[in-house]
Amino acid sequence: MSSRQPDLLRDVGASLHRPLADRMRPRSLEEFAGQQHIVGPGKPLRRALEAGHLHSLILWGPPGTGKTTLARLIASRADADFIALSAVLAGVKDIREAVSRAQAARAERGRRTVLFLDEVHRFNKSQQDTFLPFVEDGTLTFIGATTENPSFEVVSALLSRARVYVLKSLTVADIVAVLTRALDDAEVGLAAQNLVVEPAALELIAQAADGDARRALGMVEIAADLAPERDGKRHIGMHEAQEVASGVRRRFDKGGEQFYDQISALHKAVRGTDPDAALYWFARMIDGGCDPLYVARRVVRMATEDIGLADPRGLQVAREAWEVYERLGSPEGELAIATAVVYLACAPKSNAVYVALAEARADVEQYGTLDVPLRFRNAPTKLMKGLGYGDGYQYAHDAPGGYVRGERYLPDELPDRRYYRPVPRGLEIRIADALARLRGEAVADASAEPPQGKP
């Protein structure tokens, strides 16, 4: 391990004025919590570092999983200069200054430079393009950290030159280990405070941290300040743990990937007829601070996309839940949305209208502006009548049963199209039967599923 490492990772002399989470940054990969799938013995990143192969990379994972710390450890292990910038605060000028420092370090001391860019997804394309040439020529080794999917947020040219490592949320056991190390560390941790911590209290804090080690260390630090003194020691019990854990929300990045992952899971649970999973994901979103009206709007979408005419009441229930929430707000209105979620999850499913509309739109795009057949055109003027508008039109209400047998209302160029194919579930069984009788067709076997698929 490089002799420069302690300076890079810790400044013990100033540690008392820094947050505990910053003071407790691991000094080696052995101290690093979690992420054994990439830094454990024999794993890809570990092998590369042990072999001295420093390469550009992107660390993608939730907050508090060690992205910044890992970047520092990588630079330290490689004995490279480390320049840290935040995409929230830095601009092109800061990038150019970092490049100048890296060029000087290589020319004057023969040292490599790691440029660590936190929140890299906050940089736009032109900003990312600024340092790309210097990554290509080896002036900089780039390490980016992001909570968002790099496939969407990092330009393809940069993404192709950096390996992506996915960091996972820390387990409760991982976080308990981090907290235990902080409590036992006399150098920069809390050992000097003579703390006695109940195991159950430590477990509660670890659970409340929701996979975020930084959050957990912050809560323990606050709990230590609140801890009452008895017999010369300060005690952190369940009361203190509950105090610091109260009001802590689970991770929920509105507008970020987790947000859309959860609403996707809710939608798929409803589609999959799993009311329990649907309720769980709804509760997760509400717990995370999601606007219930957003969920209400998505529930209406579920009713039209996945239930459709198999149970038309689904749309009514969804719409009424939306209205109820607008009238009552939280928490009472949330129950109405939950009711709609359960109803739709249990309802018979049909995407027949969804598929039909997509197929109709595809024909519109493919065939362009086809003429309306003359017999279906209104003829309010003599000129129009003289041109044949309305000739041959049969008024359906005057026909037996209110149906003109054999008539087709599509453009003449599309005489045989069938977009809407009812599924053999719910009300659509009866709809299919009625259409078949009117058309003089044999009633389809209700056990036979029509070809369906989400376009």
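Here the stretch 390-425 is the region considered, the condition is being more than 23 Å from D371 (Cα to Cα) and surrounded by 12 or more Cβ atoms within 10 Å (Cβ to Cβ), and the residue that is modelled with the lowest pLDDT is Y403. A Cβ distance below 6 Å, combined with a sequence gap of six or more or placement on separate chains, defines the contacts here; from the stretch 55-70, residues that are in contact (Cβ under 8 Å) with a residue 24 or more places away in the chain and closer than 14 Å to A33 by Cβ reach residues that are buried (at least 24 other Cβ atoms within 10 Å of the Cβ) and small (G, A, S) in the pairs G64/A213; K67/A145.
Taking the stretch 136-172 as the range and being in a helix (DSSP H, G or I) and either in contact (Cβ under 8 Å) with a residue 12 or more places away in the chain or within 15 Å of the chain's Cα centre (by Cα) (or both) as the test, the residues that pass are E136, P150, S151, F152, E153, A157, L158, L159, V172.
Restricting the first member to the stretch 26-48 and to residues that are at positive phi, and the second to residues that are outside any helix (DSSP H, G or I) and hydroxyl-bearing (S, T, Y), the beta-carbon pairs closer than 8 Å and six or more apart or on different chains are G34/T65; G34/T171; Q35/T65.
Restricting to the stretch 153-183, and then to whatever is over 17 Å from R214 (Cα atoms) and charged (D, E, K, R), can you tell me which residue is surrounded by the fewest Cβ atoms within 10 Å (Cβ to Cβ)?
R163
None of A186, A182 is of a type in the set (A, V, I, L, M), out of contact with any His (no Cβ under 6 Å at 6 or more places or on another chain) and at pLDDT 90 or above except A182. Within the stretch 1-32, if we keep just the residues that are of a type in the set (D, E, K, R) and not in a helix (DSSP H, G or I), the residue that is modelled with the lowest pLDDT turns out to be R4. Would you confirm, using the coordinates I've provided, whether S264 is farther than 24 Å from K349 by Cα and not assigned by TED's automatic domain parsing to the domain that holds A209? The answer is no for S264.
When V299 is tested against (1) farther than 19 Å from P62 by Cβ; (2) without any contact (Cβ under 8 Å) to a residue 24 or more places away in the chain; (3) surrounded by 15 or more Cβ atoms within 10 Å (Cβ to Cβ), just one condition goes unmet, and that condition is (2). Criterion applied to H239, H235 was being within 30 Å of V176 (Cα to Cα), surrounded by fewer than 17 Cβ atoms within 10 Å (Cβ to Cβ) and in the same structural domain as G218 (by TED's automatic domain parsing), and the one residue passing it is H239.
In the set (1) surrounded by 14 or more Cβ atoms within 10 Å (Cβ to Cβ); (2) touching a Leu at 6+ places or on another chain (Cβ under 9 Å), E359 fails one condition alone, (2).
Contact map, the stretch 371-388: first residue closer than 24 Å to L414 by Cβ, second residue assigned to a helix (DSSP H, G or I), Cβ cut-off under 7 Å, separation 6 or more or different chains; pairs are A379/K385; G388/L374.
The values are calculated or read from the model by the stated rules, or taken from the named source; none is laboratory data. Nothing here was measured: the structure is a model prediction, and the numbers come from that model. Backbone-built Cβ (ideal geometry, glycine too); neighbour counts: all protein chains shown.
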